[in-house]
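Data block below; observations after.
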Amino acid sequence: MIEVMSTQLSRRAFLHSAGLAGGILLVDVRVPLRAADGAVAEIIAGWIRIDPDGNLTLLMNASEMGQGAQSGLAQILAEELELDWSQVRVDFAPIDREHYGIWETYQTGGSGSIRGMFDRLRQAGAAARTMLLQAAAQRWGVRVEECVAQRGFVRHVQTSRSASYAALARDAARLPAPKDVPLKPRSDWQLIGKPMRRLDVRSKIDGSATYGIDVRRPGMLYAAIAQSPVFKGTLETVDEKPAMGQRGVRRVLKMENAVVVVADSFWIAQQALGELKPVWRPSPMASVDSAQISERLRALTREAGKVYVTEGQDEAQLREQCESVLTKARRVVERTYEAPLLSHSPMEPMNGTALVRDGRAELWVPTQVQSELRTAVAKKLGFDESVVTIHTTELGGGFGRRLQVDYGVQAALIAREMGVPVKLIWSREEDTQHGFYRPAAAVRLRAAIAEDTSVAALRAQIGCLDGDTPVGGMAGQPYALPNTCITYAGWNPGVPLGAWRSVDASQNLFFFESFIDELAQELRQEPLALRRQLLRDNPRALRVLDAAAQLAGWEERLPKGRGRGIAFLRGYGSWTAQVAEVSVGRDKSVRIHRVCCAVDCGTAVNPSSIRAQFEGGVIFGLSAAAMGEITLAAGRVQQSNFHDYPLVRMAQAPQIEVEILESPSEAVGGIGEPPVPPVAPAVANAIFAATGTRVRRLPLSASGFKLV
């Protein structure tokens, strides 16, 4: 029996290294790459490759899963390198420490690509440009100040001589890396800040883009998998005969928690797999269901929990101060909120192609975490990492699910047994029922109201399936709320958890911003006015909040049955606010007409990509808010496909408007995560404004509301 490990990346690993966004750039010249004919590709400043054929390629360390990260990174590097956008080509950088990103690994997630690489790639581009100028000056015997870099060429103005970057590459790569290279002033930018055409669009339109599920290798076989339907279940036995009797079936493989059929096509493999009747050993998870989880999480919101503290804060003192104010307050507002498990459900299900032969492993995988995958495969096969090669394909969605390595490791183990390339494809049902889910969570929020009707203290008690500091989206918000104390208590009977797009903020901001609205109601204040008061000392936050409100026409009167709701988030280095406008029928049918967004991410590298990210993020967050819910019965997921884990359809999608603000003096922020968290509270607050009914549990469908 071959055994597959289940490796889970900590959700908190994203947040641990956030301060490294401006990390030190290594500009040493890398060892040249040698082509099959002996010609050498030169690597300049670590991130620019010039091939023997003269093609210049920018090296990227981000997976492309529809978010446009590679194009944005290329804009940054090409800006300082003085390339025309038509000259830009990209490829993956080597999987090594020099090319690790913000999270100190080679991975894409946590809105870390642009904000993590902005300074580093600008410095790399400037260093490479300087080296090319120096190489040209030495060749022509002129001063480097007399040379200029333009559109992939170095030119000497006085003599009209010019040389392409390719012609200068060998000489430039042998120069010492310059230090403290001046960067282009913002006023001279030609690419950064412009709505450039994304590099991946053409291949996705004409069908030439290769996703993991598209990979073809000579002599390749296909594998279909059925894993234990109950979490932590293991395989006891399976009769192979019903599958092996079918034409085109090559093998039936037994894993610790799964059975696999390998065949000449995926269709044959999947059909043969359906004929098998595996017997699973009893699992301790068989008694776990959603009602039990909900009850336990709500109970945890009554426990003392662990206090979330920042540097310099004393845990005991923070708790004591907050509780003292609450105890003495004449008026305390208390509410409890809850959010369910969620699946990532990317449109491309989990898959991976592998070849393991002659002591080496080669994988073609849609992954967000190349370094972790290589380490996991090497460990499981008993190989050194140096003999494991990872080829990253396009990703048909990730949202954090492809930060896990389970499906890649499975592909490698299956391929080892077969000795030929094997493509493993999960069915949609496997993908839905064997994910790493967004944790279910509940919170008890209490606010002490002072005599002057200001908020004197705020107490949040989080109960979460993930006990590893699940406070994102609640801690660190810029509202002026004195004596705030956030505690958390965790419990998990064995549900696999993973980073879901925007991590904790996806549930916590719903809790927090719904409570801010409820406080406004209790204090008889208008919701926007209360937020403006709480943000009065933060001009950047006020600017974003006001921009979203103005875009939505907040002051304009709406007809009966129609309402607006607002929510604000500071997270991932960016500031954003959203206003949702909804109408609600007597049958609780909800139509979301508009979602107006304002965002300040410091510097907007590609405004078109930012708008696209917000449009996609709003739809993603709306699907979860309106109808997303993974439920468990007898230790297994009850949903199986998009018929019972639905997404927002085109006819249900609102008009989405995005206003982009900039703060050039501030650090560059992330964009992939921020659009998601504000959607749920903005919509829930709008429903209250339209109906007077408060939603305190997600999804909306759990309260009888139906998106139309």
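The values are calculated or read from the model by the stated rules, or taken from the named source; none is laboratory data. Just so you know, these numbers come straight off a predicted model, no measurement behind them. Quick reminder, even Gly has a Cβ in these numbers, built from the backbone with ideal geometry, and neighbours come from all protein chains shown.
If residue 517 passes every condition in (1) under 16 Å from residue 444 (Cα atoms); (2) of a type outside the set (Val, Ile, Thr); (3) touching a Ser or Thr at 6+ places or on another chain (Cβ under 7 Å) but one, which one does it miss?
Of (1) under 16 Å from residue 444 (Cα atoms); (2) of a type outside the set (Val, Ile, Thr); (3) touching a Ser or Thr at 6+ places or on another chain (Cβ under 7 Å), only one is false for residue 517: (3).
Report yes if residue 563 is in a strand (DSSP E or B), of a type in the set (Gly, Ala, Ser) and at negative phi, otherwise no.
Working: in a strand (DSSP E or B): yes; of a type in the set (Gly, Ala, Ser): yes; at negative phi: yes.
The answer is yes for residue 563.
Exactly one condition in (1) surrounded by fewer than 17 Cβ atoms within 10 Å (Cβ to Cβ); (2) in contact with an Asp or Glu (Cβ under 7 Å, 6 or more places away or on another chain); (3) within 27 Å of residue 480 (Cβ to Cβ) is not met by residue 555; state its number.
Against the list (1) surrounded by fewer than 17 Cβ atoms within 10 Å (Cβ to Cβ); (2) in contact with an Asp or Glu (Cβ under 7 Å, 6 or more places away or on another chain); (3) within 27 Å of residue 480 (Cβ to Cβ), residue 555 comes up short only on (2).
Mind telling me which of the residues 56, 26, 81, 73 ends up being farther than 30 Å from residue 258 by Cα, at pLDDT below 50 and outside the structural domain of residue 408 (by TED's automatic domain parsing)? Give the derivation first.
Working: 56 fails: at pLDDT below 50; 81 fails: at pLDDT below 50; 73 fails: at pLDDT below 50.
That would be 26, the only listed residue that is farther than 30 Å from residue 258 by Cα, at pLDDT below 50 and outside the structural domain of residue 408 (by TED's automatic domain parsing).
What number of residues in the stretch 347-380 are aliphatic (A, V, I, L, M), farther than 20 Å from residue 435 by Cβ and buried (at least 20 other Cβ atoms within 10 Å of the Cβ)? It would help to see each step written out before you state the result.
First, the residues of the stretch 347-380 that are aliphatic (A, V, I, L, M): 347, 350, 354-356, 361, 363, 365, 369, 373, 376-378.
Checking which are farther than 20 Å from residue 435 by Cβ leaves us with 354-356, 361, 363, 377-378.
Within this subset, residues satisfying the condition of being buried (at least 20 other Cβ atoms within 10 Å of the Cβ) are 354-356, 361, 363, 377.
Looking only at that region, the number is 6.
Quick check: anything in the stretch 368-377 in the same structural domain as residue 256 (by TED's automatic domain parsing), in contact (Cβ under 8 Å) with a residue 12 or more places away in the chain and more than 28 Å from residue 504 (Cα to Cα)?
As a first pass, look at the stretch 368-377 and keep what is in the same structural domain as residue 256 (by TED's automatic domain parsing): 368-377.
Applying the additional criterion that residues be in contact (Cβ under 8 Å) with a residue 12 or more places away in the chain yields 368-374, 376-377.
From what's left, more than 28 Å from residue 504 (Cα to Cα): 377.
Yes, the conditions are met somewhere in the stretch 368-377.
If we scan the stretch 328-346, do we find a residue that is surrounded by fewer than 22 Cβ atoms within 10 Å (Cβ to Cβ), within 25 Å of the chain's Cα centre (by Cα), assigned to a strand (DSSP E or B) and in contact (Cβ under 8 Å) with a residue 24 or more places away in the chain?
Yes, that holds for at least one residue.
Return yes or no: is residue 590 touching a residue at least 60 places away in the same chain (Cβ under 8 Å), crowded, with 24+ Cβ neighbours inside 10 Å and of a type in the set (A, V, I, L, M, F, W, C)? Working first, answer last.
On the way: touching a residue at least 60 places away in the same chain (Cβ under 8 Å): yes; crowded, with 24+ Cβ neighbours inside 10 Å: no; of a type in the set (A, V, I, L, M, F, W, C): yes.
Judged against the criteria, residue 590 is not a match.
Filtering the stretch 604-638 down to residues that are β-branched (Val, Ile, Thr) and assigned to a loop (DSSP other than H, G, I, E, B), which residue is surrounded by the fewest Cβ atoms within 10 Å (Cβ to Cβ)? Write out each step before concluding.
Restricting attention to the stretch 604-638, the residues satisfying the condition of being β-branched (Val, Ile, Thr) are 605, 610, 618-619, 630-631, 637.
Next, only the ones that are assigned to a loop (DSSP other than H, G, I, E, B) stay: 605, 631.
Numbers: 605: 27, 631: 18.
For the stretch 604-638, the residue satisfying everything is 631.
Here is a yes/no grid of residues against (1) exposed (fewer than 15 other Cβ atoms within 10 Å of the Cβ); (2) in contact (Cβ under 8 Å) with a residue 40 or more places away in the chain; (3) under 19 Å from residue 422 (Cβ atoms):
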residue: 252; (1), (2), (3): no, no, yes
residue: 265; (1), (2), (3): yes, yes, yes
residue: 275; (1), (2), (3): no, no, no
residue: 284; (1), (2), (3): yes, yes, no
residue: 289; (1), (2), (3): no, yes, no
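Do we find that residue 179 is basic (Lys, Arg) and either assigned to a helix (DSSP H, G or I) or under 24 Å from residue 85 (Cα atoms) (or both) in this structure?
Working: basic (Lys, Arg): yes; either assigned to a helix (DSSP H, G or I) or under 24 Å from residue 85 (Cα atoms) (or both): no.
The answer is no for residue 179.
Taking the stretch 447-464 on its own, how many of its residues are within 16 Å of residue 301 (Cβ to Cβ) and buried (at least 24 other Cβ atoms within 10 Å of the Cβ)?
Taking the stretch 447-464 and keeping what is within 16 Å of residue 301 (Cβ to Cβ), we get 447, 458-464.
Cutting the leftovers down to buried (at least 24 other Cβ atoms within 10 Å of the Cβ) gives us 447, 458, 460, 462-464.
Summing the residues that are within 16 Å of residue 301 (Cβ to Cβ) and buried (at least 24 other Cβ atoms within 10 Å of the Cβ) in the stretch 447-464 gives 6.
Would you mind stating whether residue 321 is among the polar types (S, T, N, Q), within 30 Å of residue 477 (Cβ to Cβ) and in the same structural domain as residue 221 (by TED's automatic domain parsing)? Before you say what the answer is, go through the steps one by one.
Numbers: among the polar types (S, T, N, Q): yes; within 30 Å of residue 477 (Cβ to Cβ): yes; in the same structural domain as residue 221 (by TED's automatic domain parsing): no.
For residue 321, the condition - among the polar types (S, T, N, Q), within 30 Å of residue 477 (Cβ to Cβ) and in the same structural domain as residue 221 (by TED's automatic domain parsing) - is not met.
Could you list, in sequence order, all residues of the stretch 213-242 that are in a strand (DSSP E or B) and surrounded by fewer than 18 Cβ atoms within 10 Å (Cβ to Cβ)? Before you say what the answer is, go through the steps one by one.
Quick first cut of the stretch 213-242, residues in a strand (DSSP E or B) only: 221-227, 234-237.
Passing the criteria: 234, 236, 237.
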